[in-house]
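Have a look at the structure below, then the notes.
The values are calculated or read from the model by the stated rules, or taken from the named source; none is laboratory data. Note that this is a predicted model, so its numbers are computed, not measured. Heads up, the Cβs are rebuilt from the backbone with ideal geometry, glycines too, and the neighbour counts pull from every protein chain shown.
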Amino acid sequence: MQMQATKNWSEFRPGEIIKHFTQEPPVDVVSLAEALGLRVWEKSLPNISGMVTPDQLNGGRSGYSIYVNAEDPLNRRRFTIAHEIAHYLLHRKRMPEFKDDRMYRSPGLSDDVEAEANRLAADILMPRRIIRKLLDQGVDDPRIMASRLMVSPDAMEIRLGLRSRFNTKAPRRF
Ligand SMILES: [Zn+2]
(Lines give C-alpha, C1' and ligand atoms only; values in the text may rest on other atoms or scores of the structure.)
Protein backbone atom coordinates (compact mmCIF):
# COMPACT_ATOMS: atom_id res chain seq x y z
CA MET A 1 0.00 0.00 0.00
CA GLN A 2 1.33 3.38 -1.01
CA MET A 3 1.78 5.88 1.81
CA GLN A 4 -0.19 9.08 1.54
CA ALA A 5 2.90 11.26 1.81
CA THR A 6 4.38 9.65 -1.28
CA LYS A 7 1.23 9.85 -3.43
CA ASN A 8 1.84 11.68 -6.67
CA TRP A 9 -1.46 13.50 -6.94
CA SER A 10 -0.74 14.81 -10.43
CA GLU A 11 -1.53 11.27 -11.67
CA PHE A 12 -5.05 11.36 -10.22
CA ARG A 13 -8.24 12.92 -11.56
CA PRO A 14 -9.84 15.70 -9.47
CA GLY A 15 -12.84 13.47 -8.69
CA GLU A 16 -10.55 10.75 -7.30
CA ILE A 17 -8.62 13.29 -5.22
CA ILE A 18 -11.84 14.77 -3.82
CA LYS A 19 -13.10 11.29 -2.95
CA HIS A 20 -9.86 10.49 -1.13
CA PHE A 21 -10.13 13.59 1.08
CA THR A 22 -13.86 13.34 1.82
CA GLN A 23 -14.07 10.04 3.68
CA GLU A 24 -13.93 11.23 7.31
CA PRO A 25 -15.00 14.39 9.11
CA PRO A 26 -13.74 17.06 9.21
CA VAL A 27 -12.59 17.27 5.58
CA ASP A 28 -9.00 18.54 5.36
CA VAL A 29 -9.77 21.19 2.77
CA VAL A 30 -6.24 22.67 2.71
CA SER A 31 -4.64 19.29 1.98
CA LEU A 32 -7.30 18.70 -0.66
CA ALA A 33 -6.44 22.03 -2.33
CA GLU A 34 -2.73 21.16 -2.23
CA ALA A 35 -3.34 17.71 -3.73
CA LEU A 36 -5.25 19.44 -6.55
CA GLY A 37 -2.13 21.54 -7.18
CA LEU A 38 -3.29 24.72 -5.44
CA ARG A 39 -1.40 26.49 -2.68
CA VAL A 40 -3.45 28.16 0.06
CA TRP A 41 -2.43 31.46 1.64
CA GLU A 42 -4.02 33.56 4.36
CA LYS A 43 -3.97 37.28 3.82
CA SER A 44 -5.66 40.47 4.97
CA LEU A 45 -8.26 41.04 2.21
CA PRO A 46 -10.64 43.90 3.05
CA ASN A 47 -14.19 43.17 1.75
CA ILE A 48 -13.02 39.98 0.05
CA SER A 49 -13.72 36.45 1.32
CA GLY A 50 -11.15 34.85 -0.93
CA MET A 51 -9.75 34.51 -4.39
CA VAL A 52 -8.16 31.99 -6.73
CA THR A 53 -5.61 33.37 -9.13
CA PRO A 54 -2.68 32.41 -11.34
CA ASP A 55 0.41 32.79 -9.17
CA GLN A 56 3.68 31.91 -10.91
CA LEU A 57 5.74 32.89 -7.89
CA ASN A 58 3.91 31.20 -5.02
CA GLY A 59 1.36 28.93 -6.68
CA GLY A 60 1.19 25.16 -6.47
CA ARG A 61 1.66 22.57 -9.24
CA SER A 62 -1.28 24.05 -11.17
CA GLY A 63 0.30 27.52 -11.14
CA TYR A 64 -2.61 28.82 -9.07
CA SER A 65 -2.97 30.01 -5.48
CA ILE A 66 -5.98 30.46 -3.24
CA TYR A 67 -5.90 33.51 -0.99
CA VAL A 68 -8.31 33.48 1.94
CA ASN A 69 -9.25 36.32 4.28
CA ALA A 70 -7.08 35.81 7.38
CA GLU A 71 -9.52 37.73 9.60
CA ASP A 72 -12.44 35.37 8.95
CA PRO A 73 -13.35 32.65 11.47
CA LEU A 74 -12.04 29.15 10.74
CA ASN A 75 -15.30 27.64 9.47
CA ARG A 76 -15.80 30.53 7.08
CA ARG A 77 -12.21 30.25 5.82
CA ARG A 78 -12.83 26.54 5.20
CA PHE A 79 -15.95 27.32 3.16
CA THR A 80 -14.08 30.00 1.21
CA ILE A 81 -11.27 27.57 0.32
CA ALA A 82 -13.84 24.99 -0.88
CA HIS A 83 -15.65 27.69 -2.92
CA GLU A 84 -12.37 28.78 -4.58
CA ILE A 85 -11.44 25.13 -5.28
CA ALA A 86 -14.81 24.89 -7.07
CA HIS A 87 -14.09 27.98 -9.21
CA TYR A 88 -10.70 26.51 -10.13
CA LEU A 89 -12.14 23.12 -11.08
CA LEU A 90 -15.33 24.27 -12.80
CA HIS A 91 -14.77 27.78 -14.11
CA ARG A 92 -11.09 28.54 -14.67
CA LYS A 93 -11.51 28.55 -18.48
CA ARG A 94 -14.04 31.40 -18.17
CA MET A 95 -11.72 34.04 -16.73
CA PRO A 96 -8.20 34.40 -15.36
CA GLU A 97 -9.06 34.94 -11.70
CA PHE A 98 -11.95 34.94 -9.25
CA LYS A 99 -12.25 37.42 -6.43
CA ASP A 100 -15.24 36.76 -4.17
CA ASP A 101 -16.80 39.49 -2.09
CA ARG A 102 -18.38 38.90 1.32
CA MET A 103 -21.46 37.34 -0.36
CA TYR A 104 -19.32 35.05 -2.58
CA ARG A 105 -19.96 37.10 -5.71
CA SER A 106 -17.14 37.50 -8.17
CA PRO A 107 -17.08 40.27 -10.81
CA GLY A 108 -18.37 39.05 -14.18
CA LEU A 109 -19.94 35.83 -12.86
CA SER A 110 -23.68 35.15 -12.78
CA ASP A 111 -25.53 34.03 -9.66
CA ASP A 112 -26.00 30.62 -11.30
CA VAL A 113 -22.25 30.16 -11.63
CA GLU A 114 -21.71 31.24 -8.03
CA ALA A 115 -24.46 28.82 -6.95
CA GLU A 116 -22.61 26.06 -8.81
CA ALA A 117 -19.44 26.88 -6.86
CA ASN A 118 -21.42 26.85 -3.59
CA ARG A 119 -22.90 23.45 -4.43
CA LEU A 120 -19.49 21.89 -5.07
CA ALA A 121 -18.15 23.57 -1.91
CA ALA A 122 -21.01 21.95 0.05
CA ASP A 123 -20.28 18.57 -1.59
CA ILE A 124 -16.63 18.90 -0.54
CA LEU A 125 -17.20 20.01 3.07
CA MET A 126 -20.41 18.07 3.81
CA PRO A 127 -20.20 14.94 1.64
CA ARG A 128 -23.31 12.79 1.65
CA ARG A 129 -21.24 9.72 2.55
CA ILE A 130 -20.05 11.41 5.78
CA ILE A 131 -23.56 12.65 6.60
CA ARG A 132 -24.85 9.09 6.17
CA LYS A 133 -22.02 7.80 8.38
CA LEU A 134 -22.88 10.29 11.14
CA LEU A 135 -26.57 9.40 10.91
CA ASP A 136 -25.62 5.69 11.16
CA GLN A 137 -23.72 6.55 14.35
CA GLY A 138 -26.83 8.21 15.74
CA VAL A 139 -25.51 11.77 15.23
CA ASP A 140 -28.55 13.59 13.88
CA ASP A 141 -28.41 16.96 15.66
CA PRO A 142 -27.49 19.53 12.96
CA ARG A 143 -25.36 21.51 15.43
CA ILE A 144 -23.30 18.46 16.40
CA MET A 145 -23.00 17.46 12.74
CA ALA A 146 -21.83 20.99 11.93
CA SER A 147 -19.15 20.89 14.62
CA ARG A 148 -17.96 17.44 13.52
CA LEU A 149 -17.70 18.67 9.91
CA MET A 150 -16.31 22.08 10.93
CA VAL A 151 -18.91 24.04 9.01
CA SER A 152 -21.32 26.71 10.21
CA PRO A 153 -24.67 25.51 11.64
CA ASP A 154 -26.35 27.57 8.87
CA ALA A 155 -24.46 25.73 6.13
CA MET A 156 -25.31 22.40 7.77
CA GLU A 157 -29.02 23.19 7.98
CA ILE A 158 -29.10 24.25 4.33
CA ARG A 159 -27.28 21.04 3.37
CA LEU A 160 -29.78 18.93 5.33
CA GLY A 161 -32.67 20.72 3.64
CA LEU A 162 -33.87 22.16 6.95
CA ARG A 163 -33.86 25.67 5.55
CA SER A 164 -33.50 27.38 2.21
CA ARG A 165 -30.39 29.11 0.96
CA PHE A 166 -32.09 32.45 1.36
CA ASN A 167 -34.26 33.64 4.19
CA THR A 168 -37.50 33.50 2.31
CA LYS A 169 -40.26 35.26 4.13
CA ALA A 170 -43.91 34.56 3.46
CA PRO A 171 -45.25 36.84 0.73
CA ARG A 172 -46.70 40.04 2.11
CA ARG A 173 -50.45 40.45 1.82
CA PHE A 174 -51.91 43.67 0.51
ZN1 LIG B 1 -17.41 32.75 -6.19
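Does GLY138 satisfy the criteria of being of a type outside the set (Lys, Arg), modelled with pLDDT of 95 or more and over 24 Å from PHE21 (Cβ atoms)?
yes
Which of the helices (runs of 4 or more DSSP H) found entirely inside the stretch 60-174 contain at least 1 residues meeting this: exposed (fewer than 11 other Cβ atoms within 10 Å of the Cβ) and without any contact (Cβ under 8 Å) to a residue 40 or more places away in the chain?
In the stretch 60-174, the matching helices (runs of 4 or more DSSP H) lie at 111-125, 128-136, 142-149.
If you take the residues in the stretch 76-130 that are under 18 Å from SER152 (Cβ atoms) and among the small types (Gly, Ala, Ser), which one is nearest to the ligand (Cβ to nearest atom)?
Among them, the one singled out is ALA117.
Examine the stretch 24-42 for a residue that is surrounded by fewer than 11 Cβ atoms within 10 Å (Cβ to Cβ) and outside any strand (DSSP E or B), and state whether such a residue exists.
The answer is no; no qualifying residue exists.
Scan the stretch 23-40 and report the pairs whose first residue is more than 14 Å from ARG77 (Cβ to Cβ) and whose second residue is outside any helix (DSSP H, G or I) and of a type in the set (Phe, Trp, Tyr), with Cβ atoms within less than 7 Å and a gap of 6+ or a chain change.
These pairs meet every condition: LEU38/TYR64.
Mind listing just one residue for me: the one in the stretch 68-100 that is under 13 Å from the mean Cα position of the chain (by Cα) and aromatic (Phe, Trp, Tyr) and, of those, farthest from LEU36 (Cα to Cα)?
Selected residue: PHE79.
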